[in-house]
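Colleague: Quick one: the structure is below, questions incoming.
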């Protein structure tokens, strides 16, 4: 009996419901379920035209090299730092991601981390649960958020959503980008990231990851943010020099941090876990039922659009 070769090589699950929809329309090789994925890839999938992956799984260059007929890569998530974009460009392969649908939830998490860090909400929770309120009395004073200065590193889709939320807290907003945003005159552009950090009470990292932004938030930026400042990162762990962050927090050179991403995740330095002025989350800024469903649906919509028109709905600029 002749083996039916797949149309889609699936490197990451989209969730049970969306995996079922994917398999109902296309012939799928769920490579993430295979004991020997490379062998299955060589045996069954060299002519598969489509790849489905995710921002966390990415696509290794050797996997792409083994698929000679790929025409499109549809990735779940926004970040592209785990995708071989140069190889895709050289081969004329289209790439899509899932922008916009997670903007609001990620911005919510950014502000949640900001508030939790400033007001020490997790530490307050532990204070009550541990019975220290009864024995030690009032919790130490924390930092007000309303009216404080917000710096945004990366005023893109998510950065704009964060800045909109800041307006409800009466916070003046400045930002650092490669270039000023002429379409957003309400926010002040700061060409120097160090100068932005020195101005800010809270600095939120919302820029893309990758080689160009690696350790952009370094020791100098953290010192400029200072002992009264708080760093919030909902972008990529690699944007922040984590060793410098740990040192700044230990030395009292930085006031606090709210972190959803880490440089070597899921590994998180023990020092960060031990500090009450640090709030930690397990890379879950987009982790709501509604947003994750929208992301998975957009992957399917991109596949369908490619099949019907030869074009992707949300192509990545190569």
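The values are calculated or read from the model by the stated rules, or taken from the named source; none is laboratory data. Bear in mind that the values here come from a model prediction, so they are computed numbers and not experimental data. Reconstructed Cβ throughout: ideal geometry from the backbone, glycine too, with neighbour counts over all protein chains shown.
Colleague: Which residues, counting only those in region 198-241, are farther than 22 Å from residue 286 by Cα and surrounded by 24 or more Cβ atoms within 10 Å (Cβ to Cβ)?
Modeller: Correct list: 200, 217, 221, 222, 225, 229.
Colleague: Restricting attention to region 88-101, does a residue exist that is surrounded by fewer than 17 Cβ atoms within 10 Å (Cβ to Cβ) and over 28 Å from residue 27 (Cα atoms)? Break it down into steps so the answer makes sense when it comes.
Modeller: Of region 88-101, the ones surrounded by fewer than 17 Cβ atoms within 10 Å (Cβ to Cβ) are 89-92, 99-100.
Of the ones still in play, those that are also over 28 Å from residue 27 (Cα atoms) are 100.
Yes, region 88-101 has at least one match.
Colleague: Quickly run through region 293-313 and pick out the residues that are closer than 15 Å to residue 101 by Cβ, in contact (Cβ under 8 Å) with a residue 40 or more places away in the chain and surrounded by fewer than 19 Cβ atoms within 10 Å (Cβ to Cβ).
Modeller: 293, 294, 297, 300, 313
Colleague: Would region 132-153 turn up any residue that is in a loop (DSSP other than H, G, I, E, B), under 19 Å from residue 221 (Cα atoms) and either in the same structural domain as residue 257 (by TED's automatic domain parsing) or within 22 Å of the chain's Cα centre (by Cα) (or both)? Reasoning before the result, please.
Modeller: First, pick out the residues of region 132-153 that are in a loop (DSSP other than H, G, I, E, B): 137-149.
Going one step further and asking which of them are under 19 Å from residue 221 (Cα atoms), we end up with 148-149.
Subsequent filtering for residues that are either in the same structural domain as residue 257 (by TED's automatic domain parsing) or within 22 Å of the chain's Cα centre (by Cα) (or both) retains 148-149.
Yes, the conditions are met somewhere in region 132-153.
Colleague: Given 40, 56, 17, 25, which one is in contact with a strand residue (DSSP E or B) (Cβ under 7 Å, 6 or more places away or on another chain) and either more than 19 Å from residue 95 (Cα to Cα) or surrounded by fewer than 17 Cβ atoms within 10 Å (Cβ to Cβ) (or both)?
Modeller: Values: 56 fails: in contact with a strand residue (DSSP E or B) (Cβ under 7 Å, 6 or more places away or on another chain); 17 fails: in contact with a strand residue (DSSP E or B) (Cβ under 7 Å, 6 or more places away or on another chain); 25 fails: in contact with a strand residue (DSSP E or B) (Cβ under 7 Å, 6 or more places away or on another chain).
Testing whether each residue is in contact with a strand residue (DSSP E or B) (Cβ under 7 Å, 6 or more places away or on another chain) and either more than 19 Å from residue 95 (Cα to Cα) or surrounded by fewer than 17 Cβ atoms within 10 Å (Cβ to Cβ) (or both) leaves just 40.
Colleague: Residues that are part of a helix (DSSP H, G or I), out of contact with any strand residue (DSSP E or B) (no Cβ under 6 Å at 6 or more places or on another chain) and either buried (at least 16 other Cβ atoms within 10 Å of the Cβ) or not assigned by TED's automatic domain parsing to the domain that holds residue 48 (or both): does region 277-284 have at least one?
Modeller: Let us first name the residues in region 277-284 that are part of a helix (DSSP H, G or I), namely none.
No, region 277-284 contains no residue that is part of a helix (DSSP H, G or I), out of contact with any strand residue (DSSP E or B) (no Cβ under 6 Å at 6 or more places or on another chain) and either buried (at least 16 other Cβ atoms within 10 Å of the Cβ) or not assigned by TED's automatic domain parsing to the domain that holds residue 48 (or both).
Colleague: I would also like to ask the following. Tell me, which helices (runs of 4 or more DSSP H) wholly within region 68-131 include 2 or more residues that are touching a helix residue (DSSP H, G or I) at 6+ places or on another chain (Cβ under 7 Å)?
Modeller: Of the helices (runs of 4 or more DSSP H) lying wholly inside region 68-131, those with at least 2 residues that are touching a helix residue (DSSP H, G or I) at 6+ places or on another chain (Cβ under 7 Å) span 103-118, 121-129.
Colleague: Quick test of your reading of the structure: residue 263 fulfils all but one of (1) surrounded by fewer than 16 Cβ atoms within 10 Å (Cβ to Cβ); (2) modelled with pLDDT of 95 or more; (3) in a loop (DSSP other than H, G, I, E, B). Name the failing condition by number.
Modeller: That leaves (1) as the condition not met.
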